[in-house]
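Undergrad: Would you mind keeping the following structure in view while I ask a few things?
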2 protein chains.
Amino acid sequence: MKSLPVLILLLLLYNTLTAQQNDKIVRIARIEVDASQLEKYKAALQEGIETSIRLELGVLTLYAVAEKNRPTSITVLEVYANAEAYQSHIQTEHFKKYKNATGNMIKSLELIETTPIALGAKS
Amino acid sequence: MKSLPVLILLLLLYNTLTAQQNDKIVRIARIEVDASQLEKYKAALQEGIETSIRLELGVLTLYAVAEKNRPTSITVLEVYANAEAYQSHIQTEHFKKYKNATGNMIKSLELIETTPIALGAKS
């Protein structure tokens, strides 16, 4: 019976960790960029990503890639710690700066909400 | 003139680091899964990812997500340290096991080679 409090503590800890894991917002942005403004767009995206990762605790991953065969087709995989982190992200000055600067460079933008299956990464 | 060797050393180091960064293989797999085998497929994918990240030094990131509105549409963002790491990955027992187990669960598979724009992640 002495180990019961420890067991309860472990269960609480497990629930907290599981909840944190499940809170994550993971999504994919598919962006088509105006070819004549591609280099300017990539520079703005790069700056926005670097600033977000550096300044915002809740922005965990922003992986942006361009397709080799269609360089104007860009995919960004985004991971936020939770919904609050995402809401706070879109209110930041650097996000607004990116949005304003790139508005006329983007031909289409598709935001796809996802459910993680496995987020495997070297720690 | 005393600082010249240090400068050369720094340049060499910078070149090595840049080369390592540029060596990275980053790609996207878009997978359509047979709906009747979705749970089995996800379990196999999860196991394959966890094993690869744990056992293979050169497998840096495997992020697998399912679209919320189309749960049979799965995207995997893959980052390998270099071409050798990728070649070695597809020769491993766990990769072959995943491939054999899931062959008849997959309706279509598109592999998209990409060029990274920014790989931002919390360290």
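We did not get these values from a lab; they are worked out from the coordinates using the rules stated. Computed from a predicted model, the values in this text were never measured in an experiment. No Cβ is skipped: glycine too gets one built from the backbone with ideal geometry, and neighbour counts run over all protein chains shown.
Undergrad: Rounded, prolate or oblate: which fits the range B:13-123, taking a ≥ b ≥ c as square roots of the Cα gyration tensor eigenvalues, rounded meaning a/c under 1.5, else prolate when a/b beats b/c?
TA: prolate
Undergrad: A further question on this structure: Go ahead and run the numbers for FRET between residue B:123 and residue A:100, Cβ-Cβ distance against an R0 of 22 Å, rounding to 0.05.
TA: 0.15
Undergrad: If you don't mind, there's one more thing I want to ask. Given a 10 angstrom Cα cut-off, can you work out which residue in B:60, B:12, B:111 is the most mobile in a GNM of chain B?
TA: Among B:60, B:12, B:111, the largest GNM mean-square fluctuation belongs to B:12.
Undergrad: Now for a different question. Identify which of A:100, A:22, A:69 has the largest mean-square fluctuation in a Gaussian network model of chain A, with springs joining Cα atoms closer than 10 Å.
TA: Of A:100, A:22, A:69, the most mobile in the Gaussian network model is A:69.
Undergrad: With each label point set 7 Å from Cα along the Cα-Cβ vector, what nm distance links residue A:3 and residue B:37?
TA: So the label points at residue A:3 and residue B:37 sit 4.2 nm apart.
Undergrad: Right, another one. Exceeding 27 Å between C-alpha atoms, which entries from my cross-link table qualify? They are A:122/B:107; A:107/B:68; A:99/B:122; A:107/B:42; B:68/B:99.
TA: A:122/B:107; A:107/B:42
Undergrad: Can you give the charge dipole size of the range A:23-114 about its Cα centre, rounded to the nearest 20 debye, using +1 on the beta carbon of Lys and Arg and -1 on the beta carbon of Asp and Glu?
TA: That gives the range A:23-114 a dipole magnitude of about 220 debye.
Undergrad: For labels at residue A:72 and residue A:92 in the simple 7 Å Cα→Cβ model, what's the distance in nm?
TA: 2.9
Undergrad: Give, as ranges by residue number, the residues of the range B:21-41 whose backbone N falls under 14 Å from the point 7 Å along Cα→Cβ of residue A:108.
TA: none
Undergrad: Round to the nearest 0.05 the FRET efficiency obtained for residue A:30 and residue B:13 when R0 = 51 Å and r is the Cβ-Cβ distance.
TA: Once rounded, the FRET efficiency stands at 0.85.
Undergrad: Per residue of A:41-52, how many C-beta atoms from partner chains lie within 10 Å of its own C-beta, taken as a mean?
TA: 2
Undergrad: Report for chain A the percent antiparallel among DSSP-assigned beta bridges with both residues inside it, nearest 5.
TA: Counting DSSP beta bridges with both partners in chain A, the antiparallel share is about 100 percent.
Undergrad: Below 17 Å, Cα to Cα, which aspartates and glutamates can residue A:24 reach? Residues fewer than 8 away in the same chain don't count.
TA: Partners found: A:56, A:78, A:84, A:113, B:67.
Undergrad: Now, a different point. What average number of partner chain Cβ atoms lie no more than 10 Å from the Cβ of the residues making up A:54-64?
TA: Per-residue shielding by partner chains comes out at 4.
Undergrad: What does the copy distance list look like for residue B:46, label position 7 Å along Cα→Cβ, in nm and ordered from shortest?
TA: For residue B:46, the inter-copy label distances come out at 3.8 nm.
Undergrad: Using alpha carbons only, how many degrees (0 to 90, rounded to 10) separate the axis of helix B:4-23 from the longest principal axis of chain B?
TA: 10
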